[in-house]
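The values are calculated or read from the model by the stated rules, or taken from the named source; none is laboratory data. Keep in mind the model is a prediction, meaning the values are calculated, not measured. Cβ atoms come from the backbone with ideal geometry, glycine included; neighbour counts cover every protein chain shown.
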Amino acid sequence: MLKDTGERVIPEYLKVTDEMLIEHLARYFFAVDYVYGRVLDIASGVGYGTHLLVKKGRDTVDEAVAVDRDPDTVKYARGAYHHPRSTFMVGDVTDPMLPHELGQFDCIVSFETIEHIADEEQFLANIHKLLKPGGTLILSTPFGKGRGKPCGSPFHVHQLTVAEFMDLFPDYSSTVFYFQKGPLIEPANLDDTRHFPLGIAICQK
């Protein structure tokens, strides 16, 4: 049995009312409309999201490669979410050799990853190299007090401000931002007084 770390979402262990599960599933369902061709799921966890992309994107997704740094998590994913068009593998998203090992992708999904990464520049550089020209990146993160400042989660290096998040993507030809609260995902509106704890970026290279 795979150990629950407190941050890892394992649908089989959770109730349908679990808010973290609902948030994560909402992001993957949101991404279905954008993914196509060869897809990379960065920091894929136990693999339910990758499986969802392949199943729901059966007419558009040719192949999905899912990478996570934890061998036990990858082993679990291979057993629980096997699909003929999915590959689950162990890898470090900040490894400079990762783009050489994996090749390029039409789409990259990176949900709730960057807040765990100390070497943010290498992570973003890897993603850019892994994405084909004209490809699509879908990346999300929770908002917080900002880069280098303590946050409430022991699992996060820090949590970016909205402005810091929106400044992450200067190397892309276009970027559209969305805000998320629970299952609700809608276009970012900085004049909206409601609190949205998470952001999603859709970037075209």
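Considering the conditions (1) among the basic types (Lys, Arg); (2) within 17 Å of the chain's Cα centre (by Cα); (3) over 15 Å from Ile138 (Cβ atoms), Lys55 is excluded by exactly one of them, (2).
One residue stands out in region 156-168 among those that are touching a residue at least 12 places away in the same chain (Cβ under 8 Å) and part of a loop (DSSP other than H, G, I, E, B): the one that is farthest from Pro142 (Cα to Cα), namely Leu168.
Going by the structure shown, is Leu40 surrounded by fewer than 21 Cβ atoms within 10 Å (Cβ to Cβ) and touching a helix residue (DSSP H, G or I) at 6+ places or on another chain (Cβ under 8 Å)?
Details: surrounded by fewer than 21 Cβ atoms within 10 Å (Cβ to Cβ): no; touching a helix residue (DSSP H, G or I) at 6+ places or on another chain (Cβ under 8 Å): yes.
Against the criterion (surrounded by fewer than 21 Cβ atoms within 10 Å (Cβ to Cβ) and touching a helix residue (DSSP H, G or I) at 6+ places or on another chain (Cβ under 8 Å)), Leu40 does not qualify.
A count restricted to region 1-49 and to residues that are assigned to a loop (DSSP other than H, G, I, E, B), modelled with pLDDT under 90 and of a type in the set (A, V, I, L, M, F, W, C) stands at 6. A Cβ distance below 8 Å, combined with a sequence gap of six or more or placement on separate chains, defines the contacts here; from region 143-154, residues that are closer than 15 Å to Ile114 by Cβ reach residues that are among the basic types (Lys, Arg) and surrounded by 13 or more Cβ atoms within 10 Å (Cβ to Cβ) in the pairs Cys151/Lys145.
Among the residues of region 169-178, are any assigned to a strand (DSSP E or B) and charged (D, E, K, R)? Don't jump to the end; show me each part of the working.
Initial filter on region 169-178 (assigned to a strand (DSSP E or B)): 174-178.
Those left that are additionally charged (D, E, K, R): none.
No, because not a single residue in region 169-178 is assigned to a strand (DSSP E or B) and charged (D, E, K, R).
Looking across region 118-146, just one residue is surrounded by 15 or more Cβ atoms within 10 Å (Cβ to Cβ) and basic (Lys, Arg), and that is Lys132.
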